[in-house]
Amino acid sequence: MLSTTLKSYLPYLLLLTLSTALYVLPATWQQLLEYQADAIQHGELWRLLSGHLLHSNLLHLLMNLLGLVVLMLLHGKLAGRLAVGWQVLLLSLSTGLALLWLAPDIEIYVGLSGILHGLLCYGATADLRQGYRSGALILIGVAIKVGAEQWQGPDPELSAQIAAEVAIDAHLYGAVSGVLLALLSWRYIRRQ
């Protein structure tokens with residue numbers, strides 16, 4: 001029998017394992033899974049989900065997995081929230097669709113960063129509902145970060161390190177999706 005703590009961490013650990021497993025797939029298989037706007041528009045809808053699980057290189061993967069572990073430790077044990085599996089699914093779809101409809105210049109996208117921004121903002125908004133003022137600080141911090149990215153554009157040094165342009169629009173759409181998802185489930189989040 002799994003302990004309560006392990007059960008709450010399980011979705012995060014599954015996402016970590018799945019992202020790592022997909023990273024070692026041959027490049028031709030990864031191309032069948034990455035977010036490609038043209039392919040999605042021609043019916044390959046799985047790419048809205050699977051593209052978030054792929055990464056451009058090992059550093060990109062490790063950075064996103066570290067962010068996932070931080071979120072797991074920050075929000076993993078908090079009860080009374082929409083299950084993390086559902087959060088990931090809904091954030092993947094909403095971020096992917098927003099990229100498709102609102103950022104047509106992004107043809108290819110890979111990485112967990114949009115989902116991570118969404119999970120962080122969902123958790124911070126839920127924190128506010130549960131009476132934790134730290135949620136406001138997190139939301140302000142994310143808003144400043146995402147706003148600076150939108151104002152200044154992608155960080156060229158980080159882009160060089162991950163061998164891909166940083167998809168700042170995915171960060172924006174993920175963060176907005178996380179807040180909206182938390183607001184939609186507001187009444188189901190237990191107040192502490």
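The values are calculated or read from the model by the stated rules, or taken from the named source; none is laboratory data. The model shown is predicted, which means the values in this text are computed figures rather than measured ones. When we count neighbours, we look across all protein chains shown, and the Cβ atoms used for this are built from the backbone with ideal geometry, even at glycine. These accessible areas exclude ligands, DNA and RNA; they are computed on the full protein's heavy atoms, side chains included. Shrake-Rupley method; radii C 1.70, N 1.55, O 1.52, S 1.80 Å.
Some observations on this one:
- The residues neighbouring Val142, those whose beta-carbon lies less than 13 Å from its own, together hold a net charge of -1 under the Lys/Arg +1, Asp/Glu -1 convention.
- Per residue solvent-accessible surface (Å²) - the range 69-165, probe of 1.4 Å: 51 Å²
- Exposed loop sites here are trypsin sites (Lys or Arg not before Pro) assigned a DSSP state other than H, G, I, E or B and surrounded by at most 11 other beta carbons within 10 Å; excluding them, the longest clear run of the chain is 1-132.
- Short-range pairs are left out: with C-alpha atoms under 8 Å and at least six residues apart, the relative contact order of the chain is 26 percent.
- Each other residue within a Cβ distance under 11 Å of Arg47 adds +1 if Lys or Arg and -1 if Asp or Glu, for a net charge of -3.
- Rh by Kirkwood over Cα pairs, then Stokes-Einstein D for the range 15-81 at 0.692 mPa s and 37 °C, µm²/s: 249 µm²/s
- Heavy atoms of Leu58: accessible area, 1.4 Å probe, square angstrom to 10: 90 Å²
- Accessible surface ranking for Val70, Val84, Val24, 1.4 angstrom probe, highest first: Val24, Val70, Val84.
- Principal axis dimensions, the chain - Cα atoms, whole angstrom, descending: 47, 44, 32
- Mean ellipticity per residue at 222 nm, deg cm²/dmol - from DSSP H runs of n ≥ 4 across the chain, formula -39500 (n - 2.57): -22000 deg cm²/dmol
- Distance from the range 115-169 to the range 18-36 (C-alpha centre basis), Å: 25 Å
- Rounded to the nearest 10 degrees, the angle from helix 134-152 to the longest Cα principal axis of the chain is 20 degrees.
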